[in-house]
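Reading through the structure tokens given below for one structure.
The values are calculated or read from the model by the stated rules, or taken from the named source; none is laboratory data. Every value quoted in this text rests on a predicted model; they were computed, and no experiment measured them. All Cβ positions, even for glycine, are placed from backbone atoms using ideal geometry, and neighbour counts span all protein chains on display.
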Amino acid sequence: MEYRADITIVGAGVVGLAIAAGVADGNRRVYVLEKNDSFGLETSSRHSGVIHSGIYYPPGMLKARLCVAGNEMLYQMCSEKNIGCAKLGKLIVATSKGEIGELEELFDRGQRSGAPGLRLVSRRQLQQLEPNVAGEAAIWAAETGIIDSHALMKFFVAGMTGKNAQIAYRTEVVGINKVASGYRVSVRDGEEEFSFITSVLINCAGLGSDRVAGMAGIDIAGAGYRLHYCKGEYFSVGGGKNRLVSRLIFPVPPADVSGVGIHVTLDLDGRMRLGPSIQYVGGLDYSVGEGNRELFYRSVRPFLPFIEQDDLAPEMAGIRPKLQGPGEDIRDFVIAEESDKGLPGFINLIGIESPGLTAAPAIAGYVAGLIRGLV
């Protein structure tokens, strides 16, 4: 007898797990397929760990709407479920008078997008908040913080498995075919291959999400779904310099929002690191170039005058699945139920980069709305 599932989710990153926890109800047969040995081993564990406020993205974008909603939801989850987080707040610093206009434009965008807890601060107020940070003015984003993302993912895993959903690790999707009652999903588990039928198929495959969309028969180039890998390196800061700031410190971001700029984050243990950088790459390379120390030093020196090159040590790198290529305009998340492509019940989530961690619980609610009535 052929096995059937109600909902199958490809990818056990933070977004896939949040969706699984949200759609599992104890009665649906919900499965998460993960090609790695455990959950969250790629994009979901290689990032700044920041709970964003939603300031960076134009009003109406899913990135803005879901980040603002997810920000509130995450803090509530952390409070109720004892997930580690700290609402440190963030300063976005203009280091020259020439950047003040860009800072004010960013502030206005954030206000229109509904980002909470924003205010402009003068040079004098900046010095009162962070005496060791240099700048002409700043945006204070009070609702920005940091989170233990691994603990958050464990919470989602517990939530889904507590409602009878299951995760299959070391299980890679190798084929998808539309059938009358849903989708036949072919998977490889070690040396074995098998297939099953699922009524709803949700593609949360992160760095491989465009490939999974292609397996279902979508022309990923024509649909605008082709991903570009963007590497971001991080350097740790030693020499006791972590005690010289108490908040997250960010530069005014690039105009194309390809990233938010090399910034300062503190983890829940008070360790400081800088990153991420931006480098489009052709594959998965998690090495950190020792030779990039000077780039990091020069990037943060204008607002962190106390940093010296010798304070910096290579730490880690992550890969972001971007829909926009080098020099292209910002792209929004793709979160789409693909009936208009002849694939009812197939839901793509593609280009889920920052602020995907912050938005994860709100994305889960959005996807739950898309499958309402389908299963």
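A few notes on this one:
- Annotation: of all residues in the stretch 290-334 being within 28 Å of GLY13 (Cα to Cα) and among the acidic types (Asp, Glu), the one that is surrounded by the fewest Cβ atoms within 10 Å (Cβ to Cβ) is ASP329.
- Considering the stretch 96-164, the qualifying helices (runs of 4 or more DSSP H), each wholly inside and each with 1 or more residues that are at pLDDT 95 or above and over 28 Å from LEU244 (Cβ atoms), run over 100-113, 149-161.
- Of all the listed residues (GLY110, GLY84, GLY54, GLY60), the sole one being crowded, with 22+ Cβ neighbours inside 10 Å, of a type in the set (Gly, Ala, Ser) and not assigned by TED's automatic domain parsing to the domain that holds LEU274 is GLY54.
- Every pair of residues 6+ apart whose Cβ atoms lie under 6 Å, when the first sits in the stretch 119-136 and is over 19 Å from PHE107 (Cα atoms) while the second is among the aliphatic types (A, V, I, L, M) and crowded, with 16+ Cβ neighbours inside 10 Å: GLU130/VAL245; ASN132/LEU244; VAL133/ILE249
- Condition met for GLY224 (crowded, with 23+ Cβ neighbours inside 10 Å and not β-branched (Val, Ile, Thr)): no
- Residue list for the stretch 239-251, filter: modelled with pLDDT of 95 or more and not basic (Lys, Arg): LEU244, VAL245, SER246, LEU248, ILE249, PHE250, PRO251
- Candidate set from the stretch 31-49 (those that are out of contact with any Lys or Arg (no Cβ under 8 Å at 6 or more places or on another chain) and not in a loop (DSSP other than H, G, I, E, B)); member that is surrounded by the most Cβ atoms within 10 Å (Cβ to Cβ): VAL32
- Any hit, the stretch 165-186, residues being of a type in the set (Asp, Glu) and surrounded by fewer than 19 Cβ atoms within 10 Å (Cβ to Cβ): yes
- Among (1) outside the structural domain of LEU41 (by TED's automatic domain parsing); (2) not in a helix (DSSP H, G or I) - the single one ASN242 does not satisfy: (2)
- Of the set (1) in contact with a strand residue (DSSP E or B) (Cβ under 7 Å, 6 or more places away or on another chain); (2) under 18 Å from ASN164 (Cα atoms); (3) not in a loop (DSSP other than H, G, I, E, B), all apply to VAL15 but (2).
- Taken together, the residues in the stretch 74-95 that are closer than 20 Å to ASP267 by Cα and in a helix (DSSP H, G or I) amount to 7.
- Residue among GLY351, GLY318, GLY270 that alone is at pLDDT below 95 and in contact with a helix residue (DSSP H, G or I) (Cβ under 9 Å, 6 or more places away or on another chain): GLY270
- Checking each residue in the stretch 167-212 for being of a type in the set (D, E, K, R) and either free of Cβ contacts under 8 Å to residues at least 40 places away in the same chain or not in a loop (DSSP other than H, G, I, E, B) (or both) picks out GLU172, LYS178, ARG184, ARG188, ASP189, GLU191, GLU192, GLU193, ASP210, ARG211.
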